[in-house]
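What follows is calculated from the coordinates using simple rules that are stated; it is not laboratory data. Note that the structure is a prediction, hence the values are computed from the model and not measured. Cβ placement follows ideal geometry from the backbone for every residue including glycine, while neighbour counts extend to all protein chains displayed.
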């Protein structure tokens, strides 16, 4: 009988181990399911979980319509203005012709930082573009092409923008335009999400403190992989996605740059086309 009691004891112990193992396995599977649950996006060869605590864009394909002749996109579901963004690369612009071609606003480059040596340069056409756009009734905003690698450099860029504006009002945001350089080596190579986010926040805080409306620019790769958007929700966002009939970015944004090959009267060559979604103010 002793051997029988030992056998029963062994069987009961084994059952307990299997039961505990089963609970542990179910717990592990549940944990994995929790980790991957929720919406995700594929970008830059990575699967990225969408932060649902951040305001979502809510746009779908049904919200937009493309004119097959002009290539311009209109928003069907909410108020949107049609605009362009320009720099000295477009040369001299006939702003009367631009306004006559249905363009309602312009985002103008103030300056840029070089991606190799990091020198700050003014955009040679900013003043002419500002005067021409305003004289022809366009609303205006501006942007700085950043290659900042530290928050201090981003603040330096903001100070440069503020010195150029010199208190002049802007109808639309003042934008931190940090971009990845993909075809050549750049001083920004290897920057992590925390560093890039800190640069955007530093620039935007300086701009806001001066009384302007701050904004950051991104495409999908930068927006999902280089920015912690949860840290930038106090600022507007300008999203770039080309050759798409609607903007697929998960998070809320205020401008959409949808083409870099648009045709606009008064601008020689290709033009960047944008939509601006004004915030509705409740009385």
For this session: Above 33 angstrom, tally the Cα pairs of the chain and express them as a % of all pairs, no decimals.
Result: 32
Problem set entry | Packing-based exposure ordering (other Cβ within 10 Å, fewest first) of 188, 82 | 82, 188
Problem set entry | DSSP bridge pairs, the chain: antiparallel proportion in percent, nearest 5 | 45
Exercise. Which ordering of 153, 263 is given by a fewest-first count of other beta-carbon atoms within 10 Å?
Worked result: 263, 153
Seminar exercise, completed: Simple spin-label estimate for residue 62/residue 248, 7 Å along Cα→Cβ, in nm, reads 2.0
For this session: With everything on Cα atoms, drop me the angle between helix 126-135 and the longest principal axis of the chain, reported from 0 to 90° to the nearest 10.
Result: 70
For this session: Enter the angle in degrees (range 0 to 90, nearest 10) between the Cα long axis of helix 151-165 and the first principal axis of the Cα atoms of the chain, meaning the one along which they spread out most.
Result: 20
Exercise. With each run of n ≥ 4 DSSP H residues scored as -39500 (n - 2.57), what mean residue ellipticity at 222 nm is computed for the chain after dividing by its residue count and rounding to the nearest 500 deg cm²/dmol?
Worked result: -10000 deg cm²/dmol
Seminar exercise, completed: Subtracting the Cα-Cα distance of residue 183 and residue 131 from 0.36 nm times their residue separation yields 15.3 nm
For this session: Just rank 57, 146, 37, fewest to most, by other beta-carbon atoms within 10 angstrom.
Result: 37, 57, 146
For this session: Could you work out how far helix 193-209 tilts from the main Cα principal axis of the chain, as a 0 to 90 degree angle to the nearest 10?
Result: 40
Exercise. In whole angstrom, how far apart do the alpha carbon centroids of segment 69-94 and segment 205-229 sit?
Worked result: 21
